[in-house]
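Structure, as structure tokens:
The values are calculated or read from the model by the stated rules, or taken from the named source; none is laboratory data. Since we're looking at a predicted model, the values are computed, not measured. All Cβ positions, even for glycine, are placed from backbone atoms using ideal geometry, and neighbour counts span all protein chains on display.
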Amino acid sequence: MTLTREEWLEARRNGLGGSDAAVIMGVNPWTSPYALWCDKRGLLNDADEQSERMMWGNKLEGVIAEHYTEVTQRELQPGSELQPSTERAFLFANTDRTIASFDQRGGGVYEGKTTSVYNKDDWADGKVPLYYQCQGQHYLYVLGLEWGSYAVLIGGQEFRWSDFDRNEKYLAKYLARADEFWDRVLNDDPPPMEGHASERAALANLYPEHNEGLTIDLPDEAEAWVEILDGSKAAEKAAKAEKNRVETLLRGAMGEALFGRLPDGSGFKLALEHKKEHMRAASSSRVLRKVKRVP
């Protein structure tokens with residue numbers, strides 16, 4: 001039975017899936033263990049809007065799988081939907097496809113991805129981004145398989161694929177961390193925060209309003225945080241002042257000119273732009289912008 005997205009989102013809170021593996025290992029650039037813990041505890045808003053990038057990834061999933069079959073001559077079979085591990089029921093697999101047995105290794109895991117052309121080097125020479133490697137190893141463990149394969153469509157026009165093998169040394173470390181993390185979920189014991197941007201979003205969900213009249217004593221390490229914060233603000237203020245100084249010099253050098261050209265052909269455009277009235281009164285001012293080439 002195919003789950004709706006809402007049912008799938010609710011079910012995945014009852015365990016750890018492949019996309020959670022990189023978070024637990026600390027190599028996911030978009031979220032942290034603390035934010036993931038909040039999600040698994042059901043402490044965050046249920047809203048989970050798909051980005052346009054995710055939407056196109058889903059739409060192209062079948063196209064990439066079809067091309068992978070043509071290139072490799074391997075047969076792909078339907079993937080698993082929230083299939084639990086026989087050894088650790090809280091670990092589950094939600095794979096795109098699986099690869100039918102065709103040699104002595106037996107069947108394998110298949111994962112199809114899309115990525116921007118700016119990430120092209122991450123997939124060069126058979127490489128796979130580390131956070132996707134974590135996902136692949138998670139699936140091999142849950143499904144009891146020995147190998148898998150990644151396919152990626154880069155920039156909508158360049159296709160690459162590569163195989164990977166099960167890594168028992170890595171899995172030993174991963175399973176220890178997964179056990180520890182899930183114990184924290186079950187025992188309402190949050191992992192330490194790291195200051196990740198995802199944690200700020202989680203805290204905004206957890207504490208949307210202040211408690212009138214409540215005052216707390218901050219921990220001792222807060223004094224060190226204040227020193228860092230003050231230093232950061234001072235550096236930010238100095239950088240802003242220097243930015244304003246240089247922009248003023250550029251404006252003075254350009255005068256009434258629309259463009260100012262640098263020796264390499266790039267330069268600046270200083271044009272009059274109009275702002276429509278919204279929260280503030282309508283206004284017009286010249287905005288300085290860096291341009292790659294001056295006409």
> Can you pull out the residues in the stretch 227-263 that are touching a residue at least 24 places away in the same chain (Cβ under 8 Å) and assigned to a helix (DSSP H, G or I)?
Replying inline: Glu247, Leu250, Arg251
>> What's the total number of residues in the stretch 155-180 that are in contact with a Lys or Arg (Cβ under 8 Å, 6 or more places away or on another chain), in a strand (DSSP E or B) and touching a residue at least 40 places away in the same chain (Cβ under 8 Å)?
In response: 1
> In the stretch 188-207, how many residues are in a loop (DSSP other than H, G, I, E, B) and closer than 17 Å to Ile24 by Cα?
Replying inline: 9
> What are the residue pairs meeting all of these: first residue in the stretch 206-222, first residue under 22 Å from Trp37 (Cβ atoms), second residue surrounded by 10 or more Cβ atoms within 10 Å (Cβ to Cβ), Cβ atoms under 7 Å, and 6 or more apart or on different chains?
Replying inline: Leu206/Cys38; Leu206/Leu43
> Which condition number in (1) surrounded by fewer than 21 Cβ atoms within 10 Å (Cβ to Cβ); (2) within 19 Å of Ser19 (Cα to Cα); (3) of a type in the set (Ser, Thr, Tyr) is the one that Tyr150 fails?
Replying inline: (1)
> Does at least one position in the stretch 111-122 carry a residue that is within 23 Å of the chain's Cα centre (by Cα), under 30 Å from Lys40 (Cβ atoms), modelled with pLDDT under 90 and part of a loop (DSSP other than H, G, I, E, B)?
Replying inline: no
> So how many residues does the stretch 70-90 have that are assigned to a loop (DSSP other than H, G, I, E, B) and modelled with pLDDT of 90 or more?
Replying inline: 9
>> Exactly one condition in (1) free of Cβ contacts under 8 Å to residues at least 12 places away in the same chain; (2) farther than 19 Å from Thr72 by Cα; (3) surrounded by fewer than 18 Cβ atoms within 10 Å (Cβ to Cβ); (4) of a type outside the set (A, V, I, L, M) is false for Pro129; which is it?
In response: (3)
> Within the stretch 273-281, is even one residue of a type in the set (A, V, I, L, M, F, W, C), at pLDDT below 90, over 30 Å from Asn45 (Cα atoms) and not in a strand (DSSP E or B)?
Replying inline: yes
> Out of (1) surrounded by fewer than 10 Cβ atoms within 10 Å (Cβ to Cβ); (2) farther than 30 Å from Lys40 by Cβ, what's the single condition that is false for Lys243?
Replying inline: (1)
> So which residues in the stretch 198-240 are within 20 Å of Leu43 (Cβ to Cβ) and more than 30 Å from the chain's Cα centre (by Cα), if there are any at all?
Replying inline: Asn211, Leu214, Ile216
